[in-house]
Amino acid sequence: MGRSTDSRTESSDLILAACNDAYFYTFAIDLIRSMERIESTHSLHLHLLEPSDAVIQKAEELKRKLIWVKLTYTVDQCALAASVNNRAIYYTSARFLLAPSILARGIDRLLIIDVDAVMNFSPWGLFDRTSLKHSGGFIFRPHMNRPTRKVLASAVFFHSSAGSMRLADTLARSLAVTFKSRPRYHIDQILPHYICTIATSRFWDFSTFDIPAKLMGYSYQADAAFWTTKGKSNIDRFLSERTKLLDSTTH
């Protein structure tokens, strides 16, 4: 699925995002810039989807120049996408396929986010010891009627406990198997919903928690750790707010 470019010991906390070439240039670089401006150490892993040589070279350049962000990346040639009619269905799920191997490296806390985001402040203070008592954290939306909408995949939290690693592995395996059925729709949200529902009824030691509300700021709140956009209809607003943040001189 992917090859790592860095075998060094990573920080115990890691943020993971995935992108193809277009999203790398449009979003990933500015996500990195927003993290760098915080002026505190953060580890970011980018899962590069079918990257060009130019993207890999740019990633290597960033690794050398960054001061506060510890950047690593993997390369995914997207072999599992061969059976999917719409390649974007694979792209939105690829980061969850990588999660088990990331956790196996010794990462204590893993936060998986959409790459079309910027960091307003460090997210790690939002996750207290209580979060480590659960198998994982998701943005649950029980008020939504459709199963495809009951989980929002813009942020997922795993950690190094056996139960959390089992959940991450179950999600990754379920996604990989589902790709073989040539899904016509995005599965990165519906599968977590069904997996969590089934696990809750079958495993007594399984539990999840709601991702802290202040993690993802869809309305660009001052107290949100990340600013992002829910859907692509408001992308112009996001780009405008991102520019304001990056041009800001306050940290």
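Read-outs: derived from the displayed coordinates by stated rules, not from any lab. Please read these numbers as outputs of a predicted model, since none were measured by experiment. We place every Cβ from the backbone using ideal geometry, glycine too, and count neighbours over all the protein chains shown.
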message = Can you tell me the length gained on complete extension of the stretch Arg141 to Arg237, counting 0.36 nm per residue apart and subtracting the Cα distance?
response = 32.2 nm
message = Cβ neighbours within 10 Å, averaged per peptide: list 46-57, 75-86 in order, most packed at the top.
response = 46-57, 75-86
Packing-based exposure ordering (other Cβ within 10 Å, fewest first) of Thr170, Thr148 = Thr148, Thr170
remark   = PRE zone check, label point 7 Å out along Cα-to-Cβ of Ser161, amide N under 11 Å, scope region 121-147, hits 129-137
Proxy reagent accessibility, fewest Cβ within 10 Å first, across Thr74, Thr178 = Thr178, Thr74
task = Quick one: net charge around Leu171, please, counting Lys, Arg +1 and Asp, Glu -1 for every other residue with C-beta under 12 Å from its C-beta.
result = +1
ask   = Label-point separation (nm) for Ser40 and Ser122, each offset 7 Å from Cα along Cα-to-Cβ?
value = 0.3 nm
